[in-house]
Amino acid sequence: DEARAETISAFDFKEIEIGIDETHHVAEGYDADILLRWGDKVFADSPDFDPMNQTPASQAKQFGYNNDYVGFIPLDGNPDHGLLVVNHEYTNAEIMFPNFASVVKETKDGKEAETVKLGDYNKDLVDIEMAAHGGTVIEIRKVDGKWQPVLDGKYNRRITADTEMQISGPAAGHARMQTPSDPTGLKVFGTVNNCAGGITAWGTYLLAEENINGYFGGEMAEDHPEFAQMKRLGIPGGQYEWSKFHDRFDVSTEPNESNRFGWVVEVDVMDPNSIPKKRTALGRFKHEGAESVVNKDGHVVFYCGDDERFDYVYKFVTTGKYNADDRAANMDLLDDGTLYVAKFDADGTLEWLPLVQGQGPLTAENGFASQADLLINTRFAADALGATKMDRPEDVQPNVKTGKVYVMLTNNSKRKADQIDSANPRAENAFGHIIEISETDGDFTSTKSKWDVLLKCGDPSIADVGASFSTATTKNGWFGMPDNCAIDADGRLWVSTDGNNEKATGRTDGIWAVDTDGDARGTSKLFFRVPVGAEMCGPSFNPTSDTFFLAVQHPGDAGLATFENPATRWPDFKDDMPVRPAVVVVTKQGGGRIG
Ligand code: FEO
Ligand code: CA
Ligand code: CA
Ligand code: CA
């Protein structure tokens, strides 16, 4: 009967057991095959991966490091043949480079501790890192039931931290976007820290620029006009050595260069020579992703998280409408529209507040002289509107079937008890939560909607954690730190995580299938788990949802891992091959829908 049916999960795969070991695991009846690994050829003439003798030129023709977002763009509408687009978020020098890192004993506060110390950089190592960042576009197809890369695919492309890009939209050419190397303020090289992303209805690839601060070094005077906004973004973060070899990453020489990062980048994958565009209309912050939906009236709506403790959830609504019959007509939709920031009210109302120069407090007197100024300082504009400070907004995913939108809030260890609110209800939120937005009448352009907490994460068997998984959720089924997610062709939610490990939750990261409807709402099941040290990224389906693309990021990065001693040698398990981040492709044995 109907009532009983509602209590049954929408997923019928057999859940796997949690655990921590050197390899990946997928539910019974499924294959999880390695599709692309760091160093794999992207072109027919790419050099073979030679980890002991890697060069910047080799890396620029090979699959990059730390695969994160994965998207699939079908060719000629074929669900079994298309372009795979993959972000390469960051690099781990200590496990990428041979003879570079060492374990040293250090004495701190009278206590001895072991840490990993990096060796000295040279320009080649920095340039390998730069070439290992960015993105990959590669043709793939299913042959005899198995996916494989097409190395002579005419669309294959590597995008790196050195690829020429155009700055477009309201901030293009603005004085604050001009540098000594580019007085036009229109031309920038490269994209970095591309965490999540998106693909558009017109078949373009979006890379979100997230933790851009770490790439900038040098020092800046506190009375410099850019100092405050840069500080808010943590610039210069100094996590990389790039500024020692490339002046543009040194804020004391080219302070405006950092204003040219922190955007969403759009790539026309159908022209491998196209110049990617940084779409400034979508704002500048630590962009996690840019997932989108074509609204019923044709406007296109993009959802973006700003991944920092106490930062915001955004959406962007295009002024123009999507034209299904004319691809070219859509190519600059992202240059014109309205950016909104979310205010979650205690009564369950969600107000989307427009970030438009001249409106409300967003005036020249308050430091927003133009829309360009406002967009470069998006966080300050959102502060001025009183948007809700969230627990690290990551992927924000619309569900076109239901009009709902899922917001991954990964954690916030710094939220104090007197800072909790209804949308961020736990102090020292170690395990994160998921908010479900219901856009009014399924209209994704709505400026007044409803919201609810779908899940508070963490171990439901420990009362103090305050987790809210359903009682049908097993000991394997709960998780912490939701990060990215995907909606399959049936409108079901799949969540990937970042930060589960032996210490945090006694399990690795993985993919959990989460029920959102009926009595099963809040029930979660473990479908896939990663090898030790890794984070789960990527998740996305092909259009028929019989293929699930997953990205295993920073495998082996646990404890005192180095190139010589990673925590696992996944996925090759060869003594002379380092641990390698890789894209995994999951299919059902015998075919059929995943899950
Ligand atoms: Fe790259 Fe938001 O984590
Ligand atoms: Ca994360
Ligand atoms: Ca997603
Ligand atoms: Ca992540």
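The values are calculated or read from the model by the stated rules, or taken from the named source; none is laboratory data. Note that this is a predicted model, so its numbers are computed, not measured. In this analysis, Cβ positions are derived from the backbone assuming ideal geometry, glycine residues included, and neighbour counts consider all displayed protein chains.
A few remarks follow.
- Take the conditions (1) part of a strand (DSSP E or B); (2) closer than 25 Å to GLU266 by Cβ; LEU350 misses just one of them, which is (2).
- Candidate set: segment 468-514, residues that are buried (at least 23 other Cβ atoms within 10 Å of the Cβ), more than 16 Å from ligand 3 (Cβ to nearest atom) and touching a residue at least 60 places away in the same chain (Cβ under 8 Å); chosen: the one farthest from ARG309 (Cα to Cα): THR508
- Checking each residue in segment 252-301 for being among the small types (Gly, Ala, Ser) and touching a strand residue (DSSP E or B) at 6+ places or on another chain (Cβ under 9 Å) picks out SER252, GLY262, SER274, ALA281, GLY283, GLY289, ALA290, SER292, GLY298.
- Just one of the numbered conditions (1) modelled with pLDDT under 95; (2) within 29 Å of SER540 (Cβ to Cβ); (3) part of a strand (DSSP E or B); (4) not charged (D, E, K, R) is not true of ALA113: (2).
- Scanning segment 35-71 for residues that are among the polar types (S, T, N, Q), under 23 Å from ALA534 (Cβ atoms) and not in a strand (DSSP E or B) yields a total of 3.
- Criterion violated by ASP120 - all others in (1) in a loop (DSSP other than H, G, I, E, B); (2) in contact with a Phe, Trp or Tyr (Cβ under 6 Å, 6 or more places away or on another chain); (3) more than 21 Å from GLY262 (Cβ to Cβ) satisfied: (2)
Results for (1) of a type in the set (Gly, Ala, Ser); (2) under 28 Å from GLU210 (Cα atoms); (3) within 16 Å of ligand 1 (Cβ to nearest atom); (4) under 20 Å from the mean Cα position of the chain (by Cα), shown as yes or no for each residue.
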{"position": "PHE431", "(1), (2), (3), (4)": "no, yes, yes, yes"}
{"position": "THR440", "(1), (2), (3), (4)": "no, no, no, no"}
{"position": "VAL453", "(1), (2), (3), (4)": "no, yes, no, no"}
{"position": "ASP459", "(1), (2), (3), (4)": "no, no, no, no"}
{"position": "THR471", "(1), (2), (3), (4)": "no, no, no, no"}
{"position": "ALA486", "(1), (2), (3), (4)": "yes, yes, yes, yes"}
{"position": "GLY491", "(1), (2), (3), (4)": "yes, yes, no, no"}
{"position": "ASN500", "(1), (2), (3), (4)": "no, yes, yes, yes"}
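- VAL103, sole failed condition from (1) touching a strand residue (DSSP E or B) at 6+ places or on another chain (Cβ under 7 Å); (2) over 24 Å from VAL552 (Cα atoms); (3) free of Cβ contacts under 8 Å to residues at least 40 places away in the same chain: (3)
- Residue in segment 234-250 that is part of a helix (DSSP H, G or I) and closer than 23 Å to ARG392 by Cα present: no
- If the condition is being within 21 Å of PRO236 (Cβ to Cβ), within 16 Å of ligand 3 (Cβ to nearest atom) and either surrounded by fewer than 21 Cβ atoms within 10 Å (Cβ to Cβ) or not polar (S, T, N, Q) (or both), then segment 164-213 contributes CYS195, ALA208, GLU210.
- The residues listed here are SER468, SER446, SER461; of these, the one that is under 14 Å from ARG521 (Cβ atoms), among the small types (Gly, Ala, Ser) and outside any helix (DSSP H, G or I) is SER468.
- Residues being of a type in the set (Ser, Thr, Tyr) and more than 16 Å from ligand 3 (Cβ to nearest atom) - total across segment 515-557: 3
- Yes/no for VAL453 being within 22 Å of TYR303 (Cα to Cα), away from ligand 3 (no atom under 16 Å from the Cβ) and surrounded by fewer than 24 Cβ atoms within 10 Å (Cβ to Cβ): yes
- Hits in segment 184-233 - residues which are of a type in the set (D, E, K, R) and touching a Ser or Thr at 6+ places or on another chain (Cβ under 7 Å): GLU209, GLU219
- Residue that is nearest to GLU17 (Cα to Cα), among those in segment 528-547 that are assigned to a loop (DSSP other than H, G, I, E, B) and within 16 Å of ligand 2 (Cβ to nearest atom): VAL530
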